[in-house]
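> Before we start, here is the structure in question, set down as structure tokens.
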Amino acid sequence: MAYKRLGNSSDIPIVWIIGCCTNVDMWNPSVLKELSSNRSVIIFDNRGAGETTLGTREFSISQFANDTTGLLDQLKIPKADIFGISMGSIIAQELALMNPERVDSLILTASTCGGPDAIPPNSEVIQTLEAMSNNTSSSPTQEEVKRITSTLFPQDWFNANPNYSEYIPFPKESVSPQIIQKQNDAIVNWSATGACDDLIRITQPTLVMIGTDDVWTPPLNSLMIVEKIPAAWLVQMRDAGHGLMYQYPDKINRIVTTFLQTAG
């Protein structure tokens, strides 16, 4: 598994799990720089994406959680703070449920807990992901990238920031449509049952962050999560979408730092 380790600290590291359809290049560099200034931060590509090989096992959220545990084993890390965003946040949930002894605290950003009561993405998001998955070329087209990027933000913000491509770090190499399809299938399969009823078993300090205008993982999903996890923090960012990390990086830094200091 391809990974990078930033910062140099003896404290418990933060392991970041990226979302669907992308790789580690997509993390906001200003957030990475700030949070790795006094902590060790580990980022990695999920299987089949970026520089991580496809492997032979079937794609599933539980397999992605096992992959993350395998990385901790490889790095000889007994326990870590886990920061998951979007698909990475449901992988983080599974990791905390499957191997609770490996998780010190949990940060779930733009998340859902699946199951019949979960609120699905809006139709435009679903149609865009399906179009990218059905693309027969080796990578998504520029039009597809622009279309899916527009769903990450409230329309007013997107219209007011036509130069968004200058500060959103798009991956140097796009994830192939085949891997996008496999990741989407894993999410859909997991969403059918989800982990919502099991979240009461999570006892680690947990921070849940969501944008009020998120159309990928509508905010009601995060409310369901904090109702299940004892004493979880909930932070809702006004006028933020699924890409809240790019809209409000300074706020993200402050909130995460305060949470980790308090949780520790």
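Every number in this text was worked out from the coordinates using simple rules, so none of it is lab data. If you're wondering where the values come from, they're calculated on a predicted model, not measured in any experiment. Positions of Cβ are generated from backbone atoms using ideal geometry, with glycine treated the same way; all protein chains shown enter the neighbour counts.
> Over the range 156-237, what is the mean sequence separation of C-alpha contacts under 8 Å (at least six apart), divided by residue count, expressed as relative contact order in percent?
Numbers: 57 pairs, mean separation 21.9, N = 82.
Across the range 156-237, relative contact order equals 27 percent.
> Right, something else. Rounding to the nearest 20 debye, state how big the charge dipole of the range 1-128 is about its Cα centre with +1 on each Lys and Arg Cβ and -1 on each Asp and Glu Cβ.
320
> Let me ask something else about it. Under a GNM of the chain (C-alpha, springs under 10 Å), which listed residue has the highest mean-square fluctuation: Ile126, Ile42, Ile82?
Maximum among the listed residues: Ile126.
> Where is the GNM fluctuation largest for the chain (alpha-carbon springs, 10 angstrom cutoff): Trp157, Trp190, Trp16?
Looking only at Trp157, Trp190, Trp16, the largest GNM fluctuation is found for Trp157.
> Take every DSSP beta bridge whose two residues both sit in the chain, then give the antiparallel share in percent to the nearest 5.
For the chain, the DSSP antiparallel bridge percentage is about 15.
> Turning to a different aspect of this structure: Looking at the square roots a ≥ b ≥ c of the eigenvalues of the Cα gyration tensor of the range 111-264, which shape do they give, rounded for a/c under 1.5, prolate if a/b is larger than b/c, or oblate? Intermediate values should be presented prior to the final figure.
Working: a/c = 2.00, a/b = 1.31, b/c = 1.52.
Cα axes put the range 111-264 in the oblate bin.
> Whats the longest run of the chain with zero trypsin sites (Lys or Arg not before Pro) that are DSSP loop and have at most 11 other Cβ atoms within 10 Å? Before the final figure, lay out each step's value.
Details: sites that count: Arg57, Lys76, Lys172, Arg238.
Of all site-free stretches, the longest is 77-171.
> Going by how many other beta carbons lie within 10 Å of each one, how would you line up Met237, Met98, fewest first?
Met98, Met237
> Work out the charge dipole of the chain with +1 on the Cβ of Lys and Arg and -1 on the Cβ of Asp and Glu about the Cα centre, then indicate which of Ile180, Trp27, Tyr164 is farthest towards its positive end.
Value computed over the given set: Trp27.
> Related question: What is the total of Lys pairs in the chain with C-alpha atoms under 26 Å apart, excluding same-chain pairs fewer than 8 positions apart?
Step by step, the pairs that qualify in the chain add up to 16.
> Among Gly211, Gly115, Ile148, flag the residue with its Cα farthest along the positive direction of the charge dipole of the chain, charges on Cβ as +1 for Lys/Arg and -1 for Asp/Glu.
Checked the options; the winner is Gly211.
> Here is a further query. Collect residues whose amide H, placed 1.01 Å from N in the peptide plane, falls under 5 Å from the amide H of Ile17; neighbours closer than 5 in sequence don't count.
The answer is Phe83, Gly84, Ile85.
> Going by the alpha-carbon gyration tensor, a ≥ b ≥ c the square roots of its eigenvalues, is the range 190-264 rounded (a/c under 1.5) or, if a/c is not under 1.5, prolate (a/b greater than b/c) versus oblate?
Oblate is the answer for the range 190-264, as a/c is 1.5 or above yet b/c matches or exceeds a/b.
> GNM on the chain, C-alpha springs below 10 Å: top fluctuator among Ser105, Ser89, Ser36?
Most flexible of the set in this elastic network: Ser36.
> Charges at C-beta only: +1 for Lys and Arg, -1 for Asp and Glu. How large is the resulting dipole of the chain about its Cα centre, in Debye rounded to 20?
Computed charge dipole of the chain: roughly 580 debye.
> If you don't mind, there's one more thing I want to ask. For the range 226-231, take each phi angle, set θ = phi - 60°, evaluate the Karplus expression 6.51 cos²θ - 1.76 cosθ + 1.60, and give the result in whole Hz per residue in order, putting x for glycine and proline.
6, 6, 8, 7, x, 6
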